[in-house]
Amino acid sequence: QVQLVESGGGLVQAGGSLRLSCAAPESTYRINGWYRQAPGKQREFVASISVFGRTNYADSVKGRFTISRDNTKNTAYLQMNSLKPEDTAVYYCNTATGNIWGQGIQVTVSS
């Protein structure tokens, strides 16, 4: 069973920062994106990064969030700055190969 290990979530005040990490067991599973699901809402796209390094972001996070990866560690990151209460959600990472999802990690932003 493939497992993606997520870390870095927590509770922060508005304007603060967090960095989420998502580690895959091996390089075969390339982590290519982050999604989130707020309470009572549908899961939505947040950010993606292609094998070529091209990045895309949801309009709601552009200029505040940055997706990156470290291929030597089979790990992807989501740097979240200037956090807003509306960023409160469970965040999930996803692989390009095998469509594997992380367990989800809670991010809570207080006013």
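The values are calculated or read from the model by the stated rules, or taken from the named source; none is laboratory data. Note that the structure is a prediction, hence the values are computed from the model and not measured. So basically every Cβ, Gly included, is an ideal-geometry build from the backbone, and we count neighbours across all protein chains shown. Ligands, DNA and RNA are excluded from the accessible area calculation, which covers all protein heavy atoms including side chains. Shrake-Rupley method; radii C 1.70, N 1.55, O 1.52, S 1.80 Å.
Modelled spin labels at Phe45 and Asn71, positioned 7 Å past Cα toward Cβ, are 2.4 nm from each other. Sparsely packed loop sites in the range 20-111 (the chymotrypsin sites (Phe, Trp or Tyr not before Pro) outside DSSP H, G, I, E and B with at most 15 other Cβ atoms within 10 Å) comprise Phe52.
Distance from the C-alpha centroid of the range 1-24 to that of the range 35-111: 9 Å, rounded to the whole angstrom.
On the range 1-58, 45 percent of the accessible area sits on carbon and sulfur atoms, based on a 1.4 Å probe.
Taking the Cα centre of the range 3-68 as reference, the dipole from Cβ charges on Lys and Arg (+1) and Asp and Glu (-1) amounts to some 160 debye. In this Cβ point-charge picture (+1 for Lys and Arg, -1 for Asp and Glu), the chain has a dipole of about 160 debye about its Cα centre. With protein chains left intact and a 1.4 Å probe, residues in the range 47-90 average 54 Å² of accessible area per residue.
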